[in-house]
């Protein structure tokens, strides 16, 4: 299980005074990926044009390059602005299988100055790997890192 208290402090120290969002995303992707064995793929999909996500910094195997807001778990998080906790990706309507090994997923919207800039996608090769405690801790890390409003 992830020690989110230590992880929060480490990430805060690493991105202190950093103003470039993509640099923050790269740092978070790396730190999160190495923080927990449940995390098989960790990455950001950035909002690059209306209703469209493009792959950003990530750790793990290749990800999908483009995801419309209208499709998949990442699209649902972007479209609704709400965290998506998926215990079994095979039961999620219109799930986009970027990797055949993914069994469960958590996707959180990422806001900067009140505007959606990306989603954080964490995949696991274990079923039902994520819970509300993960969602709350990750949301807190994202807010501390990106949302300065």
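For segment 49-63, a residue qualifies if it is surrounded by fewer than 19 Cβ atoms within 10 Å (Cβ to Cβ), farther than 21 Å from residue 34 by Cα and touching a residue at least 12 places away in the same chain (Cβ under 8 Å), and the qualifying residues are 51, 52, 54. Against the conditions (1) in contact (Cβ under 8 Å) with a residue 40 or more places away in the chain; (2) farther than 17 Å from residue 125 by Cβ; (3) part of a helix (DSSP H, G or I); (4) out of contact with any helix residue (DSSP H, G or I) (no Cβ under 7 Å at 6 or more places or on another chain), residue 46 satisfies every one except (3).
In summary, strands (runs of 3 or more DSSP E) completely within segment 64-149 and bearing 3 or more residues that are under 17 Å from residue 52 (Cβ atoms) occur at 66-68, 104-112, 115-124. The residue that is nearest to residue 55 (Cα to Cα), among those in segment 1-25 that are out of contact with any strand residue (DSSP E or B) (no Cβ under 8 Å at 6 or more places or on another chain) and touching a residue at least 40 places away in the same chain (Cβ under 8 Å), is 24.
Screening residue 115 on (1) loosely packed, with under 14 Cβ neighbours inside 10 Å; (2) touching a strand residue (DSSP E or B) at 6+ places or on another chain (Cβ under 9 Å); (3) over 16 Å from residue 24 (Cβ atoms) shows it passes everything except condition (3). Kindly evaluate residue 136 against the criterion of being modelled with pLDDT of 95 or more and within 14 Å of the chain's Cα centre (by Cα). Yes; evaluated as a whole, the condition is true for this residue. Looking across 147, 128, one residue alone is within 20 Å of residue 60 (Cα to Cα), surrounded by fewer than 17 Cβ atoms within 10 Å (Cβ to Cβ) and over 12 Å from the mean Cα position of the chain (by Cα). It is 128. Is it fair to say residue 89 is in contact with a strand residue (DSSP E or B) (Cβ under 7 Å, 6 or more places away or on another chain), crowded, with 16+ Cβ neighbours inside 10 Å and either at positive phi or modelled with pLDDT under 95 (or both)? Yes: the conditions hold for residue 89.
The values are calculated or read from the model by the stated rules, or taken from the named source; none is laboratory data. On a predicted model such as this, the values are computed, not experimentally measured, just so you know. Every residue, glycine as well, gets a Cβ built from its backbone with ideal geometry; the counts of neighbours run over all protein chains shown.
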